[in-house]
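Quick note: the coordinates plus some simple rules give every number you see, no bench work behind them. Just so it is clear, the structure is predicted and the values come from calculations on it, not from any experiment. Every residue, glycine among them, receives a Cβ derived from its backbone with ideal geometry; neighbour counts consider all protein chains shown.
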Amino acid sequence: MKLTIILTSTRPGRAGKAVADWFHAHARANPAGFDITFADLQDINLPLLDEPNHPAMQQYEHEHTRRWSKIVDDSDAFIFVLPEYNYTPPSSFVNALDYLYKEWNYKPAGFVSYGGISGGIRSVETAKHMLNTLEMVPVKQQVMIPMVADHLENGTFTPTAIHEKSAQTLLETLARWASALKTMH
């Protein structure tokens, strides 16, 4: 099974890169049965949705959409590294979801969220509703990182024991869901 970790923030100076690097390394060291891949929305560089056809038709006119479609379609599960901007997920996350439909269907997803005092929890709650409309299964378990700046030094995220434990619980739970849902996609 393939797990794709998706860094959703594209903002200059983003804290998400350090968080995603930590989680990616953790997942590679503790894969829970997954082949681990990584996608950075900043590198994928999707413009605001520019496909004229509804995504359910899968009639993509642009190469960037075809590349994104392949990444998502080839994946069995996802971890979104998600910040909280104004109580919601970043527009880059929403845009990346909106580009596709069938490629997301019947796949589980989890979150590594970060932010200020809330640790991105409000962003995740909004994101889960969005995933449900794509026929995805957002899992309850997550890694929540409040006051993320307190864990950053020289571009490196230093996790606490609870971050490490939450990360492993998330991976193991996601593997169970991915295995159960594999026959549906």
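The long axis of helix 161-181 is offset from the longest Cα principal axis of the chain by roughly 20 degrees. Of the residues 162, 71, 79, the one with the fewest other Cβ atoms within 10 Å heads the list, and the complete ranking is 162, 71, 79. The alpha carbon centroids of region 127-185 and region 38-63 are separated by 24 Å. Note on 134, 48: ascending count of other Cβ atoms within 10 Å places them as 48, 134, the fewest first.
Set the Förster distance to 30 Å, then compute FRET efficiency between residue 35 and residue 91 from the Cβ-Cβ distance, nearest 0.05. Approximately 0.50, to the nearest 0.05. Against the main long axis of the alpha-carbon atoms of the chain, helix 121-133 sits at an angle near 20°. Summarising the label geometry, the points placed 7 Å from Cα in the beta-carbon direction at residue 63 and residue 180 lie 4.2 nm from one another. Between the amide H of residue 80 and those of 6, 110, 111, 112, distances stay under 5 Å, these residues lying 5 or more places away or on another chain, with hydrogens modeled in the peptide plane. The mean sequence distance of close C-alpha pairs (under 8 Å, at least 6 residues apart), as a share of the length of the chain, puts its relative contact order at 26 percent.
Our coupling estimate for region 139-144, obtained by passing each phi through the Karplus curve with A = 6.51, B = -1.76, C = 1.60 and θ = phi - 60°, is 7, 6, 5, 7, 9, 10 Hz, Gly and Pro reported as x.
How high is the relative contact order of region 1-65, given as a whole-number percent (alpha carbon pairs under 8 Å, six or more residues apart)?
Values: 54 pairs, mean separation 25.0, N = 65.
Rounded, it is 38 percent for region 1-65.
Between residue 157 and 22, the built amide H atoms are under 5 Å apart, and every one of these is 5 or more places off in sequence or on another chain.
Once you sort the root eigenvalues of the Cα gyration tensor of region 1-45 as a ≥ b ≥ c, which label holds: rounded (a/c under 1.5), prolate (a/b larger than b/c) or oblate (the other case)? Walk me through the numbers before you get to the answer.
Values: a/c = 4.16, a/b = 1.76, b/c = 2.37.
Oblate, since a/c reaches 1.5 and b/c is not below a/b.
Which entry in (1) 45, 35, 25; (2) 46, 35, 31; (3) 85, 32, 26 is this structure's computed Cα extents along the principal axes in Å? Answer by label: (1).
Rounded to the nearest 500, what is the chain's calculated 222 nm mean residue ellipticity when only DSSP H runs of at least 4 contribute -39500 (n - 2.57) each, over all residues?
Computed mean residue ellipticity for the chain: -12000 deg cm²/dmol.
Amide H to amide H, with H built 1.01 Å from N, residue 145 comes under 5 Å of 113, 114, 115, counting only residues 5 or more places away or on other chains.
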